[in-house]
Amino acid sequence: MHLEYNVEGGDFTRAGYASSQIKKTLKQLNVDATVIKRVVVALYEAEVNIVAHAYRGVIYADINGAGIQLRLADEGPGIADVDMAMKRGFSTASREVREMGFGAGMGLPNISENADNFSIDTIVGKGTTLNIEIKF
């Protein structure tokens, strides 16, 4: 099964829409609740990163009997220092984003902790693609 969602940067009113839709789909497929929680945590964090940091992005989800593969590709500033961005508490979020309760610097570490496989491809000034795999 292939699902696709467009995400607009700055649209915090729809932040989490894709993750909630994918959660519903996984429940309908009778995926174990523990796995669903891992998927939702990783995907929500990645989705909010697009909203908080990028101009726009697309979430691609492929679900099969073995698990779910997520690819989140955005057009945005990219990540200048991936190693630093992976540290808990490090954030480049704007003051406005932080005032809304986002941008605590936990996104990428939370994604990594919940994924079975996780990679970041980024080009400064162009954008970032996250590849996340969670096995069933």
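The values are calculated or read from the model by the stated rules, or taken from the named source; none is laboratory data. No experiment lies behind these values; they were computed from the predicted model shown. All Cβ positions, even for glycine, are placed from backbone atoms using ideal geometry, and neighbour counts span all protein chains on display.
Summary table below
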{"item": "The listed residue being surrounded by 15 or more Cβ atoms within 10 Å (Cβ to Cβ), within 14 Å of Gly67 (Cα to Cα) and not polar (S, T, N, Q), out of Val41, Val31, Val7", "result": "Val31"}
{"item": "Flag if Gly57 is within 11 Å of the chain's Cα centre (by Cα) and closer than 16 Å to Leu130 by Cβ", "result": "yes"}
{"item": "Conditions (1) under 16 Å from the mean Cα position of the chain (by Cα); (2) at pLDDT 95 or above; (3) among the aliphatic types (A, V, I, L, M): number failed by Ala66", "result": "(1)"}
{"item": "Near pairs, Cβ below 9 angstrom, 6+ apart or cross-chain, from segment 109-131 (charged (D, E, K, R)) to any residue that is at pLDDT 95 or above and not in a strand (DSSP E or B)", "result": "Glu113/Arg38; Glu113/Val41; Glu113/Ala42; Asp116/Arg38; Lys126/Gly76; Lys126/Pro77; Lys126/Gly78"}
{"item": "Residue list for segment 102-136, filter: under 16 Å from Ser19 (Cα atoms) and of a type in the set (Asp, Glu)", "result": "Glu133"}
{"item": "Near pairs, Cβ below 6 angstrom, 6+ apart or cross-chain, from segment 57-74 (under 18 Å from Lys24 (Cβ atoms)) to any residue that is of a type in the set (Phe, Trp, Tyr) and modelled with pLDDT of 95 or more", "result": "Ile59/Tyr5; Gly67/Phe136"}
